[in-house]
Amino acid sequence: YFYKNVSGSPLVRPAWYFDVKQQGEGIVDVTTHLVDLVQWSCFPEQIIRKTDIGMISAKRWSTVFTPEEFKSVTQLDKFPNYLNSYVKDGKLNVFANGQMIYKIKGSVAKITVEWRYKAPEGTGDSFHSILRGTNGSLEICQGEAEKYLPTLYVNADDKTDLRTFEATLEDAIQNSTHKGLSLKKVSEKRWEVIIPDKYKVGHEAHFAQVTEKFLGYLKDGKLPRWEVPNMIAKYYTTTSALKMALKSK
């Protein structure tokens, strides 16, 4: 969301943040993190190259701002001249949204990122993810039913033998390296994974974990063998999506 409250005060964004020629489009911005998640979740510690990526489709669309909404975010009374090319019927159109569907190592991935003006009261940034497997899927939901907290579910496919599926799932939870996990059956084919609070790392603590990992690489004097090729593949994915989206406009 563009409008955010930080420590009780509205976050003031600079006007250039709304210029995709300076800030970048949504399809090459937040999507870099989502492409990372696809790579880390589906192909952990595997080398991914540009030749493993094949773009299927991509599109982009704008978030529309009234002058009043723009002022509430930037504290500016009018749109700067360099944003005039994005203004239509007195409203600012920012290409902050995008979607890409692509192949990665033979599997199909779909990523959608959407920016809106302001979150509904009591909510914030949200994330939804589905990883489809042979007999079921892993799903992360963060809606009203989850009190807007990320929650992990396991879903069995329609043709799956439920008795075998549940026994296998129970065994996986009991033997997980993350001790203390448990299952709550939500419906005949759906289970919630109950995650202890000790694993629920906040935003700032997560940055500390990332820093610790980086310092370990610095101390060793080398990166994992997959780090550089995977980063190149990641940005190849996002820039390929933007090129395709621009052609299809």
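The values are calculated or read from the model by the stated rules, or taken from the named source; none is laboratory data. What you are looking at is a predicted structure, and each value in this text was computed from that prediction instead of being measured. Glycine gets a Cβ as well: all are built from the backbone with ideal geometry, and neighbour counts include every protein chain shown. The area values use the complete protein model at the heavy-atom level, side chains included, leaving out ligands, DNA and RNA. Shrake-Rupley method; radii C 1.70, N 1.55, O 1.52, S 1.80 Å.
Quick check: anything in region 66-87 open to solvent by 30 Å² or more (accessible area, probe 1.4 Å), among the basic types (Lys, Arg) and closer than 19 Å to Thr239 by Cβ?
No, region 66-87 contains no residue that is open to solvent by 30 Å² or more (accessible area, probe 1.4 Å), among the basic types (Lys, Arg) and closer than 19 Å to Thr239 by Cβ.
So for region 128-143 (the condition being more than 21 Å from the chain's Cα centre (by Cα) and acidic (Asp, Glu)), does at least one residue qualify?
For region 128-143, residues more than 21 Å from the chain's Cα centre (by Cα) and acidic (Asp, Glu): absent.
Can you tell which of Glu166, Glu204 is loosely packed, with under 12 Cβ neighbours inside 10 Å and of a type outside the set (Lys, Arg)?
Going through Glu166, Glu204 in turn, just one is loosely packed, with under 12 Cβ neighbours inside 10 Å and of a type outside the set (Lys, Arg): Glu204.
Can you name the residue in region 121-153 that is more than 23 Å from Glu188 (Cβ to Cβ) and touching a strand residue (DSSP E or B) at 6+ places or on another chain (Cβ under 8 Å) and is also surrounded by the fewest Cβ atoms within 10 Å (Cβ to Cβ) among such residues?
Phe127
List, please: which pairs have Cβ atoms under 6 Å, are six or more places apart or on different chains, and start with a residue in region 98-124 that is among the small types (Gly, Ala, Ser) and end with one that is open to solvent by less than 80 Å² (accessible area, probe 1.4 Å)?
Gly98/Gly26; Gly98/Ile27; Gly98/Arg60; Gly98/Val113; Ala109/Val38; Ala109/Tyr102; Ala119/Tyr1
Which residues, taken from region 105-135, are part of a strand (DSSP E or B) and in contact with an Asp or Glu (Cβ under 6 Å, 6 or more places away or on another chain)? Can you show your working first?
Here is the first cut: in region 105-135, the ones part of a strand (DSSP E or B) are 107-113, 118, 129-132.
Scanning region 105-135 gives a single hit, Ile130.
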